[in-house]
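Peer 1: Got a structure for you, questions after.
The values are calculated or read from the model by the stated rules, or taken from the named source; none is laboratory data. Just so we're clear, the structure is a prediction, and the values are computed from it rather than from any experiment. Virtual Cβ from ideal backbone geometry, glycine too; neighbours counted across all protein chains shown. Just the protein is used for accessible areas: all its heavy atoms, side chains included, with ligands, DNA and RNA removed. Shrake-Rupley method; radii C 1.70, N 1.55, O 1.52, S 1.80 Å.
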Amino acid sequence: MSRRARNIVATGVALALAGLLLAGCGNSKSPNMLDPKGTEARDIASVWWLMFGLAAFVYIVVGGLIIYAVRKGRRRSRAERDANDSVEPDTPRFDDHMVLWGGIVVPLVILFVLAVVTVTTTNALRRPASDALRIDVVGKRWWWAVSYPTTHFVTANDIHLPAGRPIELHLTTADVIHSFWVPQLAGKVDMIPNQDNLLRFVAKTPGTYRGECAEFCGLQHAHMDFVVVVQSQGDYDRWVAEHAQPPVEPASELADEGQVAFDSEACAGCHTIDGTPAQGKVGPNLTDLGERPYLGAGALENTPENLKQWITNAQRSKPGALMPPIQLSSAKASAIVAYLESLQ
Amino acid sequence: MTTLQEPEPVAPISEELVERAWKDAPGIPGFFTTVDHKRIGIRYIVTAFFFFFSAGVLALFMRAQLAQPNSHVLSAETYNEFFTMHGTSMIFLFNTPVLAGFGNYLLPLQLGSRDMAFPRLNAFSYWIFLLSGIFIYSSFFTGHLPNGGWFAYTPLTSTNFSPGINLDFWGLGVVFVGISTTVGAVNFIVTTFKMRAPGMTLNRLPIFVWSMLVFSFMVIFAVPAVTVAAGLLELDRIFGTQFFNPAHGGSTLLYQHLFWFWGHPEVYILFIPATGMISMIIPAFSRRALAGYLWIVTALVTIGFISFGVWVHHMFATGLPPLALSFFSAVSLLITVPSGVQFFAWIATMWKGKVRLTTPMLFAIGFLLIFLLGGITGVMVAVLPFDWQVTDSYFVVAHFHYVLNGAVVFPIFGAIYYWFPKMTGRMLDEHLGKISFWTMFIGFNVTFFPMHILGFLGMPRRVYTYSGDVGWNSLNMIVSLASVVFAAGTLLTLWNVWRSYRGGALAGADPWGADSLEWATTSPPPDNNFDATPVVASRHPLWDQRPLPVARSGPDDATHALGLEGAASRTAALTGGMRAEPGATFPIPEETVLPLVLALGIAAFFVGLLVKVVLVGAVGVAIGVIGLLAWAWKTGEEPS
């Protein structure tokens, strides 16, 4: 390749990389692990920046040495090509020094630093705290059952946490292996049958953070998201107090009809709504469905139209979901939607 | 004793005798009965590349689906099937067998031998590979592709959650193909220890032979673990045992331990021969000996050992005790050192050499730049807390493609450009080769580099779609577009191979001026490789021993096979000890259909298990037993 062509290629690569970096900024809704909002994610992000510094140094130095060696070797080749096709002599002293220093001593120093960082960070993270708030999360295909043992209520795909207080999540699964991951709060922990895995961290900043399943768990692994709502202690306490109350009676006539339909149709066979006859245990608890941002663990935004579509045919937006299509008249479906959206 | 002499003038009559002794039957019968390691090696490579391009097509479909959020190019089910088949194809049906193919082709030539130690076993291992590949790919025709990911974690893959035969294609296929890998490894080890040319001490083995030796020992210790994992899974699935059923006291983590006890060494099983190729290519185009030969051999053997102590780093998020995790974290960091040793040996070689930027050399340098990044991110994921964040995210997808695609596929492409002239007698087109390299190199980096960033942005692995509001759209589009560029680059090489095979420039015996013995014979080599066995007195026989001395046949059994008479009687020399002293003459078996018969019997047995028809399995066992007995019966026949 000519020098000119090479320059064009090099410029193209540089531009492409610059474009990548720009495109790679993501947006504010990205679950960006380098934009941490909890203790564990923060500590891991600082480990990353340390490693990034070392990695950039190593890549530039070693990559530079490769390029330098190639150019040096090429110059020798150009100078001698026609005159002399002999084999170059061995240079054992030079080789040994390169291998010893570049391949062994310097890497060992860097690795030692990383080993120390690994051990100290690992020890600091997930250390038990005496006043931690316990929350149990069970992974299911393909949603999350969340329960608060201290206050005895249950929700789904929606975890509320107080900021600043140590959290202790107990994670397990009801079926296959899932993995619990909220990139902005903490690293992931697998949910394994018959195993009670713990995740401990403190959420720092109030806000809504995206969580997702990170272990392939079958057909709808892609739609197994959840939301973590971190609130100030005051807001969190209010949220708890509301949930400790029995749900209010449906306010509108339509919603009232909806409740009747919900209890008489297939819905109540699978779903629980606290304080009502609906006590099914197969699907998610819907007691506070009206305040959840998404339906179907991230499959759809929670709007009345989407909810109606979801109730009548969940398979359309989440093929393979365990919720079967339900045959309902449009009026009945609208009533159920009104009822469910009224549940706060 | 070996008798040294100048290359003897070859009597034409003898040459004809030699040819007659080694010629395969023409046409179809010869195709099914050959035991020639060169034909088998090329077959391995061609078959493996079929699976490479199939896996690539699956990947392009996946990238088409992921180019935009919420798209419907593939259904969830199809996407899950495609990524399972992509991974399974690349690991089991491309990477491992293609390296075995190069090993098959090159080992006897580099050792100065006339064939492998067990030529019929060699044919058998190819037939098993081919049939197991057909077995796994036949799932396309039934419409029930494996869909549990290439590591098929339980309990997702139990019949409770994955009914149907989808997973059985995978589980049985993995056990099936493992036979091929294992018998191939045994063959490589015995060939290396017993078939070296006189004077080729272990200290003079080409690095590629060393790498295949380490590859083989690792295969023998690692593959049984995955065979047990997939075998127990199939017992659970077919016969209702409960090894991995947590509801009945089975352990899902046991499966992960068994799988990764093979799975991590496997990464090095692939990587080590790839570096072996690099260690042949870089010195050849630097026109000097590889720097730090002993350092590199030590590094290869060390990697072989350490790689068995790192498997738990695939399980950092499973809730194992912290002390155990810290141990595996430390060992995973440590394994970087032997790779660093190799790296600086390569740099030193180029630094003090005369570098010619041929296509194989470009692939080698591309490999260095890619593997450097893959190695660095490998160190990162060994750091326990960081791994908790990035495991099962696109960061890890980026990392292992830098290692398994960049650091294995690039050397393999380099090897194709390097050894194609030996295999076919024709050069590949250098101009087209360089275009192919640059297309692949740029396509590769723009495909896989952004995946690191997607991982940071929280994109999990193995999702068939994603919502449009989380900031992953533009990067995914870039990745998808670049994947087409990468694919085009590989197709340019395919086109180059096709064109050059038909009309490339003639290569001659040693087009690159390289140092190892495969370049001492014609291109392509005659069926018997070497008329008279070379006598080696250097690590670089073709550089240091000009003209290359060859041995003459002696009257006794120890030396009969060395010279032209040995070639004419279809024999090879067994050598032994550190210095490869000739010890015995050993007849190379005639062409035979028995390996194919035995392989077909085994295939029928697996098909019987798959379709759950006892009769089919029983017929398979019967054919296999008859094949084995016939095979044993014919062992030890003296050459006529």
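Peer 1: To the nearest 10 square angstrom, how much accessible area does residue B:62 have with a 1.4 angstrom probe?
Peer 2: It works out to around 20 Å².
Peer 1: How would A:316, A:126 rank on accessible area, largest to smallest, probe 1.4 Å?
Peer 2: Ranking A:316, A:126 by accessible area, largest first, yields A:316, A:126.
Peer 1: What is the packing order of peptides A:242-253, B:265-276, taking the mean over residues of other C-beta atoms within 10 Å and listing the highest first?
Peer 2: B:265-276, A:242-253
Peer 1: Quick check on chain B: helices-only [θ] at 222 nm, where DSSP H runs of length 4 and up contribute -39,500 (n - 2.57) each and the sum goes over total residues. Nearest 500, please.
Peer 2: -21000 deg cm²/dmol
Peer 1: Quick check: with the 1.4 Å probe, what order do B:139, B:523 take by accessible area, largest first?
Peer 2: Solvent-accessible surface, decreasing: B:523, B:139.
Peer 1: Shielding of A:122-130 by partners, i.e. mean partner chain Cβ atoms within 10 Å per residue?
Peer 2: Across A:122-130, the average partner-chain Cβ count within 10 Å equals 2.
Peer 1: To the nearest 10 degrees, how steep is helix B:430-456 against the longest Cα principal axis of chain B, on a 0 to 90 scale?
Peer 2: 30 degrees
Peer 1: Could you tally the net charge around residue B:500, taking each other residue with its Cβ under 12 Å from the Cβ of residue B:500, Lys/Arg +1 and Asp/Glu -1?
Peer 2: Here the count lands on +1.
Peer 1: Against the longest principal axis of chain A, how steep is helix A:233-244, in degrees 0 to 90 to the nearest 10, with axes from Cα atoms?
Peer 2: 40 degrees
Peer 1: What nm value, rounded to one decimal, do you get for the distance between residue B:491 and residue B:140 when each label is placed 7 Å out toward the C-beta?
Peer 2: Result: 1.6 nm between the two label points.
Peer 1: Listed here are the pairs A:29/A:332; B:38/B:612; A:29/A:281; A:281/B:612; B:352/B:434; A:72/B:422; which of them are more than 26 Å apart at the Cα?
Peer 2: Over 26 Å Cα-Cα: A:29/A:332; B:38/B:612; A:29/A:281; A:281/B:612; A:72/B:422.
Peer 1: Let me ask something else. Heavy-atom accessible area of residue A:97 with all protein chains present, probe 1.4 Å, nearest 10 Å²?
Peer 2: Accessible surface of residue A:97 is approximately 90 Å².
Peer 1: Please give the total accessible area that chains A and B bury against each other, computed with a 1.4 Å probe and expressed in Å² to the nearest 100.
Peer 2: 8200 Å²
Peer 1: Here's something else I'd like to know. If you count, for every residue in A:285-294, the Cβ atoms of partner chains within 10 Å of its Cβ, what is the mean?
Peer 2: 0
Peer 1: So how far, in whole Å, is the C-alpha centre of the range A:39-115 from the one of the range A:207-256?
Peer 2: Result: 51 Å between the Cα centres.
Peer 1: Kindly express, to the nearest 10 degrees and within the range 0 to 90, the angle between helix B:37-66's C-alpha long axis and the longest C-alpha principal axis of chain B.
Peer 2: So the helix axis and the longest Cα principal axis differ by about 20 degrees.
Peer 1: Once ligands and nucleic acids are excluded and a 1.4 Å probe is used, how much of residue B:539 is accessible, expressed in Å² to the nearest 10?
Peer 2: 80 Å²
Peer 1: Taking a 1.4 Å probe, which of B:441, B:316 shows the most accessible area, and what order do the others take after it?
Peer 2: B:441, B:316
Peer 1: By how many nm would the segment from residue A:96 to residue A:322 grow when fully extended, if each residue of separation counts as 0.36 nm and the alpha-carbon distance is taken off?
Peer 2: Working it through step by step, the gained length comes to 75.1 nm.
Peer 1: Using 1/(1 + (r/R0)^6) with R0 = 41 angstrom and r between the beta carbons of residue A:208 and residue B:323, what's the FRET efficiency to the nearest 0.05?
Peer 2: 0.65
Peer 1: Taking the highest mean first, how do the peptides B:112-121, A:298-307 order by number of other beta carbon atoms within 10 angstrom per residue?
Peer 2: For the peptides B:112-121, A:298-307, the packing ranking is B:112-121, A:298-307.
Peer 1: Enter the Cα centre distance for the pair the range A:179-199 and the range B:373-410, rounded to the nearest angstrom.
Peer 2: Computed from Cα coordinates, the inter-centre distance equals 20 Å.
Peer 1: Whole Å is fine, so just give me how far the alpha carbon centre of the range B:57-73 lies from that of the range B:498-545.
Peer 2: Answer, in whole Å: 45.
Peer 1: Let me ask something else. Please work out how much length the chain gains when fully extended from residue B:557 to residue B:238, using 0.36 nm per residue of separation minus the C-alpha to C-alpha distance, in nm with one decimal.
Peer 2: Contour length minus the Cα-Cα distance gives 109.6 nm.
Peer 1: Please give the net charge around residue B:206, taking every other residue with its beta carbon less than 12 angstrom from that of residue B:206, where Lys and Arg add +1 and Asp and Glu add -1.
Peer 2: Summing Lys/Arg as +1 and Asp/Glu as -1 gives +1.
Peer 1: Report, to two decimal places, the Cα Rg of the range A:234-337 normalised by 2.2 N^0.38 Å (N = number of residues).
Peer 2: Against the empirical 2.2 N^0.38 Å value, I get 1.08 for the range A:234-337.
Peer 1: Arranged from highest to lowest average of other beta-carbon atoms within 10 Å per residue, in what order do the peptides B:149-162, B:505-518 appear?
Peer 2: So the order, starting with the most tightly packed, is B:149-162, B:505-518.
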